[in-house]
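Only one structure is covered here, and it is reproduced in the block below.
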Amino acid sequence: MAIRQPVVSVLGHVDHGKTKLLDRIRGTAVGDREAGAITQHIGATEVPVDRIYQMCGPIIGGKKFSVPGLLFIDTPGHQAFTSLRSRGGSLADIAVLVIDIREGLMPQTIESIHILRQYKTPFVIALNKVDTLDGWMPEPDRAFVIAEKMQSDHTRQVFEEKMYNIISQLAQNGVFADRYDRIEDFTKAVALIPISAKTGEGVPDLMLMLIGLAQRFLETRLEKGEGLGKGTVLEVKEVKGLGATLDMILYSGTIKTGDTVAIGTSGAPLITRIKAILKPRPLDEIRDPQDAFERVKEVNAAAGIKIACKETDGVIAGAPIYVIKNPKDPAVKAISEETSIKIETQEKGVTIKADAIGSLEALAYEAKLAGIPIRKYGIGEITRRDILESSYGNDTYRVLLGFNVSLSKDAEAELEHQPLQVFTNDIVYALIEDYTAWMDDSKKSTEADLRNQFAFPAKFTIMPDHVFRLNKPAVVGVRVLAGRIRVGEVLINKDGKDCGVIKSVRADDGTVLPEGKQGDEVSVAIDGVTVGRQINEGDVLYTDMIESGYKVVSKTDLTEDEKITMQEIVAIKRLTEKFWGM
């Protein structure tokens with residue numbers, strides 16, 4: 001059975017060494033040519049199996065693989081990974097999560113783990129920058145299992161401490177990992193490969209793990225698809241002499257110059273014809289090649305290529321591209337279904353926007369996990385219309401969440417006049433956290449406003465031997481049994497009789513308190529009663545609630561004890577008013 005090379009995506013936090021790792025594998029310096037040395041565009045590199053044999057020399061023995069090589073994708077961030085899909089799943093067959101051994105898990109690391117889980121993509125972990133550990137003695141391109149034996153006891157101890165700290169962090173995020181050479185069952189643990197992208201140490205171990213795992217666990221997925229080509233658009237770019245071109249990954253079948261293709265857009269699929277196919281040479285980079293592209297007439301999967309088409313209007317990153325026989329080919333309908341967005345909406349909820357289909361789905365996925373309902377969604381920058389449409393409805397959901405998108409100038413101007421909260425972030429879980437933190441603060445301030453306006457359910461008992469003054473006002477020591485008691489609240493007893501008004505709440509040392517909370521023992525001054533007449537030691541008194549206040553307060557988040565106390569107050573009120581609160 002012929003199998004294609006697996007597509008390997010490289011993810012991780014910014015500056016943890018993703019591009020430097022690929023530069024080491026390729027023998028290039030793409031990272032140095034990037035703006036600020038940070039990856040700005042998606043790249044793809046083909047690494048033939050012969051290169052892997054060469055790199056893995058001392059640790060590979062005489063082993064041979066039927067996998068023809070590895071096709072690496074370098075992304076400018078986890079959000080790009082979400083937009084690169086094939087047949088509704090992840091384009092990547094396997095992923096490498098790069099983690100800086102000194103910094104451990106960072107926000108984008110955790111985000112990448114979330115996304116890998118969502119797409120059910122198998123992955124390994126490259127634990128980078130081991131060469132920076134105290135006392136490390138480097139040697140270029142040496143296998144880690146050899147390099148470790150050459151280090152001092154002190155350096156090995158430092159390494160183990162750092163590694164196990166990261167293994168612990170991973171476990172806290174639901175990932176059970178161990179050093180690759182200590183794993184017996186790779187279906188139960190994620191392989192952790194210590195490397196230095198700078199010196200190349202450990203990179204042979206990583207390459208051997210990737211190709212070995214691909215051959216052992218992904219053979220069925222890697223069956224070479226015969227027939228018409230299927231791929232995914234990486235990016236749309238202008239190239240001098242060619243005009244608009246598409247960088248793409250061909251993951252199945254064959255594509256030829258002159259083929260008719262259907263490509264996903266933000267609307268109906270675009271049907272056009274291929275004018276030219278350009279292929280980077282092995283170990284070169286589709287994003288920024290050192291050598292000129294090779295113009296070819298035909299390419300078989302899997303491959304990273306650049307194509308020029310007669311038309312490219314409306315094509316979006318992450319869109320499927322299929323070779324078709326004619327405009328009525330079933331593949332056109334399949335593209336429409338694949339690019340259609342299937343997100344569950346509700347009558348009341350927030351608006352979400354993202355830069356691509358995959359990232360929109362990632363945001364919707366995390367929102368659902370967090371219990372956040374969605375009313376509207378869309379792709380692209382936040383517009384004035386988005387602001388207007390999201391400003392109506394329940395105050396709780398006058399919110400717009402934007403993942404990796406910005407606001408248009410018109411939207412910014414309109415936002416100043418609308419009661420709308422807009423949160424934007426390029427990390428999904430951070431965006432969700434921003435929203436939930438705001439919601440918590442909003443609930444607290446709303447509850448505080450309501451507590452100032454209405455009495456909430458509360459009760460306290462007058463403690464024995466804690467009468468400090470009989471009347472004008474009566475001062476007694478009490479234990480708060482449920483809720484909170486405040487100055488100004490009217491009190492009633494279990495028979496519904498008036499028991500005065502709270503004039504002050506004080507601590508043992510006489511300090512004036514804003515309130516007494518459940519479990520507190522405080523002294524309370526009560527005006528309008530006399531101890532021994534209206535109230536006595538051991539009595540349980542309740543805050544008196546008005547009917548309109550009860551109806552408002554009953555809709556707020558109360559504790560279980562407050563709910564029980566409110567039921568008791570309702571029962572007391574209905575002793576004299578049968579339908580009170582109904």
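The values are calculated or read from the model by the stated rules, or taken from the named source; none is laboratory data. Computed from a predicted structure; not experimentally measured. Using ideal geometry, Cβ is built from the backbone for each residue, glycine included, and neighbour counts are taken over all protein chains shown. Calculation scope for accessible area: heavy atoms of the full protein, side chains included, ligands and nucleic acids excluded. Shrake-Rupley method; radii C 1.70, N 1.55, O 1.52, S 1.80 Å.
Inside the stretch 98-120, residues that are modelled with pLDDT of 90 or more and either assigned to a loop (DSSP other than H, G, I, E, B) or of a type in the set (Phe, Trp, Tyr) (or both) make up a count of 5. Restricting Glu337, Glu361 to residues that are modelled with pLDDT under 85, assigned to a helix (DSSP H, G or I), within 30 Å of Ala262 (Cα to Cα) and open to solvent by 60 Å² or more (accessible area, probe 1.4 Å) narrows the list to Glu337. When Glu226, Glu219, Glu235 are checked against the criterion of being outside any loop (DSSP other than H, G, I, E, B), under 30 Å from Thr339 (Cα atoms) and charged (D, E, K, R), Glu235 stands alone in meeting it. Here Lys517 meets each of (1) within 17 Å of Pro457 (Cβ to Cβ); (2) modelled with pLDDT under 90; (3) surrounded by fewer than 19 Cβ atoms within 10 Å (Cβ to Cβ) with one exception, condition (2). Test Tyr392 against the criterion of being of a type in the set (Ser, Thr, Tyr) and in a strand (DSSP E or B), and give yes or no. No, not satisfied.
A single member of Leu541, Leu558, Leu491 is open to solvent by less than 30 Å² (accessible area, probe 1.4 Å) and not in a strand (DSSP E or B), and it is Leu558.
Among the residues of the stretch 571-582, those identified as modelled with pLDDT under 90 and surrounded by 13 or more Cβ atoms within 10 Å (Cβ to Cβ) are Lys573, Trp580, Gly581. Among the residues of the stretch 225-234, is any polar (S, T, N, Q) and open to solvent by 10 Å² or more (accessible area, probe 1.4 Å)? No: zero hits. Scanning the stretch 187-207 for residues that are open to solvent by 10 Å² or more (accessible area, probe 1.4 Å) and in contact with a strand residue (DSSP E or B) (Cβ under 9 Å, 6 or more places away or on another chain) yields Ala189, Val190, Lys198. Here the stretch 159-216 is the region considered, the condition is being basic (Lys, Arg) and not in a helix (DSSP H, G or I), and the residue that is modelled with the highest pLDDT is Arg179. Within the stretch 304-324, the set of residues being of a type in the set (A, V, I, L, M, F, W, C), assigned to a strand (DSSP E or B) and more than 14 Å from Ala276 (Cβ to Cβ) comprises Val315, Ile321, Val323, Ile324. Would the stretch 292-303 turn up any residue that is hydrophobic (A, V, I, L, M, F, W, C), surrounded by 20 or more Cβ atoms within 10 Å (Cβ to Cβ), at pLDDT 90 or above and not in a loop (DSSP other than H, G, I, E, B)? Taking every residue of the stretch 292-303 in turn, at least one turns out to be hydrophobic (A, V, I, L, M, F, W, C), surrounded by 20 or more Cβ atoms within 10 Å (Cβ to Cβ), at pLDDT 90 or above and not in a loop (DSSP other than H, G, I, E, B).
Please indicate, with yes or no, whether at least one residue in the stretch 448-463 is assigned to a loop (DSSP other than H, G, I, E, B), among the basic types (Lys, Arg), open to solvent by 30 Å² or more (accessible area, probe 1.4 Å) and over 30 Å from Glu361 (Cα atoms). Within the stretch 448-463, not a single residue is assigned to a loop (DSSP other than H, G, I, E, B), among the basic types (Lys, Arg), open to solvent by 30 Å² or more (accessible area, probe 1.4 Å) and over 30 Å from Glu361 (Cα atoms).
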